[in-house]
Amino acid sequence: MINLVNVYRSFDGIKALDGLTLSVKKGGLLGILGPGGSGKSTLCKVACGLVKPDAGVVFVDDVDLIRADPKTVRRIQARCGVQFQNDALFEHMSVWANVAYPLQRLTDYSPGEIRAMAIERLATVGLAGFENQMPSQLSGGQRRRVALARACATEPEILICDDPTAGLDPVTSRHILDMIVGIRYQVRNTVVVVSSDTLGLLSIADRVALIWDGKLIAEDTPAVIWQDQRREVRRYLDDAKLPIRRPSWA
Amino acid sequence: MGLGAPARGVGRLFVLAAYEVGGVFLLLMQVVGRLFRLDFDRLEFRRCLLQMGYRSVSIIAATAFVIGIILVIQAFVFVDRYGLRSQLGWGSGFVTIRELGPVLFALMFSGRVGAYTAAELGTMQVTDQVDGLRCLAIDPIAYLVVPRFAAMVLSLVALTIIGNTIALFSASLVGQIMMDVDQHTFWASLLEMLTPWDYLTGVFKAAFFGGIIAVTSCHFGLIASAGAPGVGRAVNSSVVASAIAIFVVDFFSTFVLG
């Protein structure tokens with residue numbers, strides 16, 4: 001579904017992606033691990049056409065996002081739901097309006113249906129009753145959940161979550177990851193999740209990619225990654241102070 | 001130390017200025033293209049018109065009132081020296097309508113609306129809200145920039161007309177109270193000597209200035225990076241660049257428009 005081939009991208013001379021090749025199968029859940037500044041957020045933005053790589057190709061289905069005309073790129077972007085690292089909630093809109101906005105822009109539902117759907121999405125992420133609050137009135141975890149509800153409001157074919165657990169306590173972090181899994185089974189979409197909650201991500205992903213300095217270090221199932229003894233993989237997993245408890249498949 | 005370092009500094013400054021001016025022009029081209037296709041968000045346009053136009057009336061009115069008083073006092077010094085008190089209306093009104101009114105209102109507008117726009121778009125940019133719009137298949141230029149451009153041009157033209165009127169009224173009032181020039185004489189000299197073209201010149205300038213403030217503030221807002229300090233820098237650059245551009249365009253438009 002998503003194919004990145006030999007992608008390079010640098011910002012002010014600093015390499016964010018350095019010849020990265022990665023693919024996500026339709027209906028799969030790919031977890032992306034890596035230390036801060038390793039290029040995970042850039043990868044998310046490249047995958048949905050928000051950032052153009054300096055070199056390489058990016059395919060979503062059979063559409064080349066780099067060479068496609070802006071209209072086609074917008075059409076592809078409309079099929080993606082993206083949860084950004086810092087929520088990117090529209091601060092001048094209420095919680096309800098934030099979730100309803102994609103439905104208003106991208107679907108033909110009536111205002112009544114849109115209202116009902118937005119309320120249902122908020123209930124899915126445990127925010128029933130928060131509809132009329134403003135984003136500034138919410139806690140970090142609640143904002144993250146609104147961002148998740150907005151990202152999956154239109155039940156997009158591709159859901160990209162850029163570090164949805166960043167800065168959250170372990171309990172809220174697990175709740176968010178559980179919600180992503182719940183949404184995935186409900187909508188049956190393709191999901192890409194970047195997370196610093198290594199153990200949580202290893203528990204939910206079908207496949208896991210480890211990125212370091214913009215390069216793909218390893219990509220496999222969580223069980224294989226967990227037992228990978230290569231120095232560069234252990235360096236990350238051991239630095240993550242794991243395991244607090246061993247996952248069932250380990 | 002030779003001349004190398006200062007020359008390099010000037011060169012760097014020139015390249016940086018050329019880069020920003022180029023960016024502003026590219027954005028202007030995109031705005032004009034969408035404006036001709038009427039490809040912009042009407043709801044956002046109405047919201048901007050209210051925020052930028054209606055809510056700026058009080059500050060422009062206060063500025064205009066003071067400008068009128070200052071200019072009539074300045075004009076009185078000269079008309080009195082040459083025994084032309086009856087021309088006080090023309091003396092103060094001409095410079096208000098053609099030159100100082102549009103420039104000073106534009107500077108006030110830039111400080112209030114331009115700075116706000118740069119901060120608003122800058123915050124949206126550094127918090128990924130602009131990318132969020134792209135993900136909803138919304139063109140940020142059509143949704144954010146074009147409505148602000150149209151609203152700022154229309155608002156500044158309207159505010160300049162309102163401001164000029166208030167400045168002239170305050171000038172005529174002060175002329176009567178402090179300089180003993182009755183209001184009839186003041187308005188008669190103004191209407192007799194001033195042509196419609198003089199009035200239109202000020203209005204055209206206001207439209208140019210509105211466009212400059214809009215495109216400059218949107219440009220600096222949309223290229224903001226590196227969090228809150230980046231937004232601060234965007235606001236600062238936007239206000240400084242707008243002020244410089246207003247003076248440069250005023251210089252050329254004064255020549256072109258006669």
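Readers should treat all values here as calculations from the given coordinates under stated rules, not as data from a laboratory. Note that the structure is a prediction, hence the values are computed from the model and not measured. In this analysis, Cβ positions are derived from the backbone assuming ideal geometry, glycine residues included, and neighbour counts consider all displayed protein chains.
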Name the residue from A:8, A:212, A:226 whose Cα lies farthest towards the positive end of the charge dipole of chain A, charges +1 on Cβ of Lys and Arg and -1 on Cβ of Asp and Glu. A:226
Given the options B:193, B:108, B:124, which has the most mean-square fluctuation in a GNM of chain B, springs set between C-alpha atoms less than 10 angstrom apart? B:193
Exposure proxy check on A:184, B:81: fewest-to-most Cβ neighbours within 10 Å is B:81, A:184
Is there a simple number for the mean count of other chain Cβ atoms within 10 Å of the Cβ of residues in B:122-128, and what is it? 4
Between the modelled labels at residue B:42 and residue B:199 (7 Å from Cα along Cα→Cβ) the distance in nm is 3.2
Trypsin sites (Lys or Arg not before Pro) restricted to DSSP loop in segment B:1-61 with at most 15 other C-beta within 10 Å: B:37
5 angstrom amide H check on residue A:193, placed H, neighbours 5+ away: A:30, A:31, A:32, A:161
Can you tell me the orientation of helix B:227-256 relative to chain B, as the angle in degrees between its alpha-carbon axis and the longest Cα principal axis, to the nearest 10? 50
Using R₀ = 30 Å, calculate the FRET efficiency as 1/(1 + (r/R₀)^6) where r is the Cβ-Cβ separation of residue B:66 and residue A:132; round to 0.05. 0.10
Taking just the alpha-carbon atoms of segment A:122-250, what radius of gyration and Dmax come out, in angstrom? 15.8, 51
Ranking request for peptides A:65-74, B:94-103: highest mean number of other beta-carbon atoms within 10 Å first, then the rest in descending order. B:94-103, A:65-74
Counting only Cα, what are the radius of gyration and maximum Cα-Cα distance Dmax of chain B, in Å? 21.1, 69
At R0 = 35 Å the Cβ-Cβ FRET efficiency linking residue A:57 and residue A:14, nearest 0.05, sits at 0.95
Beta carbons within 10 angstrom, averaged per residue: use that to sort the peptides A:14-23, A:106-115, highest first. A:14-23, A:106-115
Find how many whole Å separate the alpha carbon centroid of segment A:167-244 from the alpha carbon centroid of segment B:26-61. 45
As a check on your grasp of the helix formula, calculate [θ] at 222 nm for chain A: sum -39500 (n - 2.57) over DSSP H runs of n ≥ 4, divide by the residue count, round to the nearest 500. -11500 deg cm²/dmol
Please work out the Cα center distance from segment A:119-148 to segment A:13-51, rounded to the nearest Å. 27
Relative to the longest principal axis of the C-alpha atoms of chain B, give the angle of the C-alpha long axis of helix B:183-193, reported between 0 and 90° and rounded to the nearest 10°. 70
Evaluated at 20 °C with a viscosity of 1.002 mPa s, what Stokes-Einstein diffusion coefficient in µm²/s does segment A:91-155 have when Rh comes from the Kirkwood expression over alpha-carbon pairs? 188
Under 5 Å between amide hydrogens, which residues at least 5 positions from residue A:21 or on another chain qualify, with H placed 1.01 Å from N in the peptide plane? A:6, A:7, A:216
Förster-model FRET efficiency, 60 Å R0, residue A:166 and residue B:207, C-beta, rounded to 0.05: 0.85
Out of B:188, B:151, B:245, a Gaussian network model of chain B with alpha-carbon springs under 10 Å gives the largest mean-square fluctuation to B:188
Sum of -39500 (n - 2.57) over DSSP H runs of 4+, divided by residues of chain B (222 nm, nearest 500): -27000 deg cm²/dmol
In terms of the charge dipole of the protein assembly as shown, which places +1 on Lys and Arg and -1 on Asp and Glu at the beta carbon, the residue among A:47, B:16, B:114 farthest towards the positive end is A:47
Place the peptides A:145-152, A:87-94 in order of packing, highest mean first, counting for every residue the other Cβ atoms within 10 Å and averaging per peptide. A:145-152, A:87-94
Ranked by GNM mean-square fluctuation in chain B (Cα springs under 10 Å), the top entry among B:22, B:175, B:53 is B:22
Using a 10 Å cut-off on Cβ to Cβ distances, tally the other chain neighbours for every residue of A:70-82 and report the average as a whole number. 3
Which percent, nearest 5, of DSSP beta bridges in the protein assembly as shown are antiparallel? 55
Span from the segment B:200-252 Cα centroid across to the segment B:70-138 one, whole angstrom: 11
Inter-chain shielding of A:98-110 (mean C-beta neighbours from other protein chains, 10 Å cut-off): 2
Using only the alpha-carbon atoms of the protein assembly as shown as identical scatterers, what base-10 log of I(q)/I(0) does the Debye formula give at q = 0.07 Å⁻¹? -0.51
